[in-house]
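First the structure, in the form of structure tokens, and then the observations on it.
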Amino acid sequence: MIGSYTERFTVPVYAVDAAGNVSTQQQYQFTALGHTGKTYTSLKDAFNNTAVTDNASQAAADADGVGATMSLQDLKAAGWQPGGKITVDGATFTLPNFASASGDNVMAANQTIQMSGSGRALVFLGFSTYGFISSQHAEDDYSSPAIPDGTSVSGTECTLGNGQYEDCRAGGPYGSLTYADGSTSAYHLTVPDWVYGSNDLAVVTLPHRNHTNGTQETRSTNIYAFAIPLKTGATLSSVTLPDLSDAARQYVPGLHLFGMALCDTTTAPGNAKWTGAWNSPNEGAFNYESTDYKNQTFRITANPSIAGSSARIRLSNALGRTPLTIDHTTIATQSSEAAPTATPSDLTFNGGSKTVTIPVGGEVYSDPTAYTATPGKNIMISLHLANDVPYLVQHSWAGAATQYVSAVGSGDHTTDTTTTAFTGTGTFWGWFTNIVTGIDVTATGNQPTVAVLGDHLTDPFADVAKADLTTPRLSDDLATALRTNDQQIPDYGVVASGIENNRLAAAQAQGGPALLTRLDRDVLAEPGITTAIVDEGLKDITAGTDDTDLEQTYGQLLAQLRGWGIKIVLTTLTPCQGYASCTTGADANRTDTNTWITDQVDFTTPTVTCLDAEAAVAVPDTTSQADPTPLILNADTAPNDFDAGDHINLTTDGYKAITDTIDLTTLGPDN
């Protein structure tokens, strides 16, 4: 917005009851100001608000016009230290000096911030106040995570009257980017309200809000991260922020930004590039011990999908509840079970430190280390958890991985060459992972990464005869197919970006967040990603989602991925006839969804192609009298025994049958 303007609005005054319900009491008039653009050399120089207060000085600041602020003590307890660093969505932020009298955030009001650099994404860290506008997703909004329609967000160009916000810009506020080559582009930055927004979308949720009257309110208070795509290969020169309020005013929507940072997870030392070799996203925080976790060692073995000469690992506390202090991490090659082939080598972080503390919602990448990664030879990552925590982030039923956990209080066994510390009373092992969420390597040809969104393990708790949770899944078979192909197709890195839930839109208490709310962290931040195989949707169907809602969600996912320049391979949904939750109506929704999926093929760049997984594993149910005859998973003898026994999960042969139908030429970058 260039220049300035004034416009008179009618504003409702809201009251909040003990249950958090909002009601309109009366209305007032106020004049909103447009803001003349001003340029700053850094975001910190533009700070015009303090949104955090010490619990002992709650009257020192005001984030919303009525004296509410975040608690400095809550932020510190979450590991968000003033002036410290946190990495989110692959972007590393230097946090502001929270509670500073000179400001700790900027309220976005058409400021232009000079910023030089390049990467895949620009990531913002912040929150909205008085974000009572019901979000409506715009077609050209590629910011991630995607905000579900109806979420309470801040907005711009609204008429406020008649007890509600009206005529707001679809998709909410937007700003602009300017590149060194003189080109510009617009971006959306629709951020949920700090209290009435979605906890599922938050990087961190704090338990309190401070008030100028000295009271502390027990209320979930959120900080969010949103990533927006950048022009490939271009150098950013400045960022113009959306134009909302430039000061905290009661009832007036405001957008507060603590930071913005570039994400470049692909560039490696020596003009090399990182390739994703293995992935295991967090699905939530759990406790399988009878007490807190502390002073114990976690040893994870993971099969890399691609060979490489150096490696780095990613430790993540996304979806965590308390900071994690890791004071020793090592890397080795597995011999058998929890034993390495040789003494593990140390890994370091932040330029040479063995100790790293990961804030709630954050992640950290290790320093690069020389390591020969070879598919079929498991990489062994061992880490020592030093602090006391009641819950740990986890991925259940991880593919191509096994974890061994020493007993609570057993100490640092990261360099052990025997299995002693990982056997006996108080130890655990299984096909799950904690904290370690990714391994990247530098490959000879700097190959890009292919992400498989979903693992087709639809119900890991099914009571079946032939189900095997160690079964190689689609991502594993695809990696093998690429390594052994005779079509001269490069050996791309393949990562599994699914979690137990494997749902597109709806979060689930047991199983984790939906794909659209974690896409920024688990997919878009993968190094060099060019292609996404979408193998999700069947869980949504069996959970009661109808085909219309599911197709709308698919459409939003396709728009997001293509907006980031990522090619898409959609898989049709495999049969589930005979599975308890696959009712006649659900199966009809499945088949209708498959019709929609096959209609999405689009050869404009980035392309959308279709893999007919249904046809690869399905046969007609000859025992059914229904018309049309429903399809079931083929349960013939090997190699056509695709039904694990519960009529929805797949066998080893089932996964391979689907992989065999993949056109490997569709996986590389568009020419």
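Please give the number of the condition Val601 fails out of (1) among the aliphatic types (A, V, I, L, M); (2) surrounded by fewer than 17 Cβ atoms within 10 Å (Cβ to Cβ); (3) within 26 Å of Gln136 (Cα to Cα).
The one condition Val601 does not meet is (3).
Among the numbered criteria (1) outside the structural domain of Pro173 (by TED's automatic domain parsing); (2) of a type in the set (D, E, K, R); (3) modelled with pLDDT of 95 or more, which one does Glu7 miss?
Among (1) outside the structural domain of Pro173 (by TED's automatic domain parsing); (2) of a type in the set (D, E, K, R); (3) modelled with pLDDT of 95 or more, the lone unmet condition for Glu7 is (3).
Across the range 645-671, which residue is modelled with the highest pLDDT among those that are part of a loop (DSSP other than H, G, I, E, B) and among the polar types (S, T, N, Q)?
Thr661
Considering only the range 259-283, state which residues are surrounded by fewer than 24 Cβ atoms within 10 Å (Cβ to Cβ) and of a type outside the set (D, E, K, R).
The answer is Gly259, Met260, Leu262, Cys263, Thr266, Thr267, Ala268, Pro269, Gly270, Asn271, Ala272.
Can you give me the ranges of the helices (runs of 4 or more DSSP H) entirely in the range 527-644 with at least 3 residues that are within 25 Å of Tyr655 (Cβ to Cβ) and among the hydroxyl-bearing types (Ser, Thr, Tyr)?
584-598
Looking at (1) more than 24 Å from Val123 (Cβ to Cβ); (2) surrounded by fewer than 23 Cβ atoms within 10 Å (Cβ to Cβ); (3) touching a Ser or Thr at 6+ places or on another chain (Cβ under 9 Å), which is the one condition that is false for Ala479?
It is condition (2) that Ala479 fails.
Which residue is surrounded by the most Cβ atoms within 10 Å (Cβ to Cβ), if the candidates are limited to the range 444-472 and must be modelled with pLDDT of 80 or more and among the polar types (S, T, N, Q)?
Thr449
Residue-by-condition table, conditions (1) hydrophobic (A, V, I, L, M, F, W, C); (2) within 25 Å of Ala339 (Cα to Cα):
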site	(1), (2)
Trp278	yes, yes
Glu289	no, yes
Asp292	no, no
Thr297	no, yes
Ile306	yes, yes
Ser309	no, yes
Ser316	no, yes
Leu319	yes, no
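In the range 481-513, which residues are touching a residue at least 12 places away in the same chain (Cβ under 8 Å), part of a loop (DSSP other than H, G, I, E, B) and farther than 24 Å from Thr151 by Cβ?
Residues satisfying the conditions are Asn485, Gln487, Ile489, Pro490, Asp491, Tyr492, Gly498, Glu500.
Which one of these is in contact with a helix residue (DSSP H, G or I) (Cβ under 9 Å, 6 or more places away or on another chain) and either aliphatic (A, V, I, L, M) or modelled with pLDDT of 95 or more (or both): Val393, Val389, Val405?
Val405
Given the criterion surrounded by fewer than 24 Cβ atoms within 10 Å (Cβ to Cβ), over 23 Å from Thr265 (Cβ atoms), at pLDDT 95 or above and of a type in the set (Asp, Glu), identify the matching residue among Asp149, Asp140, Asp62.
Only one candidate passes the filter, namely Asp62.
In the range 243-257, is there at least one residue being in contact (Cβ under 8 Å) with a residue 40 or more places away in the chain and within 30 Å of Val495 (Cα to Cα)?
no
Condition first: part of a loop (DSSP other than H, G, I, E, B), hydroxyl-bearing (Ser, Thr, Tyr) and within 25 Å of the chain's Cα centre (by Cα). Now tell me which residues in the range 101-149 satisfy that.
Ser118, Ser135, Tyr142, Ser143
Are there any pairs, at least 6 apart or on different chains, whose C-beta atoms fall under 8 Å, with the first in the range 295-321 and among the aromatic types (Phe, Trp, Tyr) and the second outside any strand (DSSP E or B), and if so, which?
Partner pairs satisfying both residue conditions: Phe298/Ser406; Phe298/Asn434; Phe298/Ile435.
The values are calculated or read from the model by the stated rules, or taken from the named source; none is laboratory data. Bear in mind the structure is a predicted one, so any value in this text is a computation, not a measurement. Because the Cβ atoms are built from the backbone with ideal geometry, glycine has one as well, and the counts that use them run over all protein chains shown.
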